[in-house]
1. How much length is gained if the chain between LYS6 and VAL113 is pulled fully straight, taking 0.36 nm per residue apart and subtracting their Cα-Cα distance, in nm to one decimal?
2. So, with a 1.4 angstrom probe, what is the percent of accessible area on the chain that is carbon and sulfur?
3. Taking 0.36 nm per residue of sequence separation and subtracting the Cα-Cα distance, how much length would be gained by fully extending the chain between LEU30 and GLN54, in nm to one decimal?
4. Over the range 5-61, what is the relative contact order in percent, taking alpha-carbon pairs closer than 8 angstrom and at least six residues apart?
5. Show me the ranking of peptides 65-71, 32-38, 115-121, 21-27 by mean Cβ neighbours inside 10 Å, starting with the highest.
6. Using 7 Å Cα-to-Cβ label points, what is the HIS84/ARG40 separation (nm, one decimal)?
7. Compute the relative contact order of the chain as a whole-number percentage, counting only Cα pairs closer than 8 Å that sit 6 or more residues apart in sequence.
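The values are calculated or read from the model by the stated rules, or taken from the named source; none is laboratory data. Since we're looking at a predicted model, the values are computed, not measured. Here the Cβ positions follow ideal geometry from the backbone for every residue, glycine too, while neighbour counts run over all protein chains shown. Each accessible area value is taken on the protein alone, full model and side chains, heavy atoms only, with ligands, DNA and RNA left out. Shrake-Rupley method; radii C 1.70, N 1.55, O 1.52, S 1.80 Å.
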Amino acid sequence: MRWHKKTLRVVNSTRGTLVGQSIRVAESGLTRIVGLLGERELLPGDGLLIVPSQGVHTVGMLFAIDVVILDGEWNVIAIKRDMHPFRMTRVFWKAAAVLELRSGIVDSSRTLVGDTLEFSRPGGAAQQGI
């Protein structure tokens, strides 16, 4: 994941909580396919936004993750907490992106289905389109 060029800060604007401060973006075919494979862990504040995506798997991963499914307006439409290796989500036809986070972040940020996430460059303005 070291080759991801874009890093974002993610705030749950509904709850006013920080979701992640170093969220990498996987938007090319290669970065979406590789995802978190090869990583040994996600550090606090780290994560991966996969755009576009309608679901993910954890085949070949070494650790559990929290998965947040987002629509095109960055609203949370589904959550999968503590998704262990060798699992997969169902396909979410209305999804535009999937946010993969360190296990436990969904609960610590109080993120729920229906919340809206806001993406910005670290130290910068909010991003409308990723």
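1. In short, 35.9 nm is gained.
2. Carbon plus sulfur share of accessible area: 54 percent.
3. Fully extending the segment from LEU30 to GLN54 adds 7.0 nm.
4. RCO, the range 5-61: 32 percent.
5. Result, highest mean Cβ count within 10 Å first: 65-71, 21-27, 115-121, 32-38.
6. According to this spin-label approximation, the distance is 2.3 nm.
7. 29
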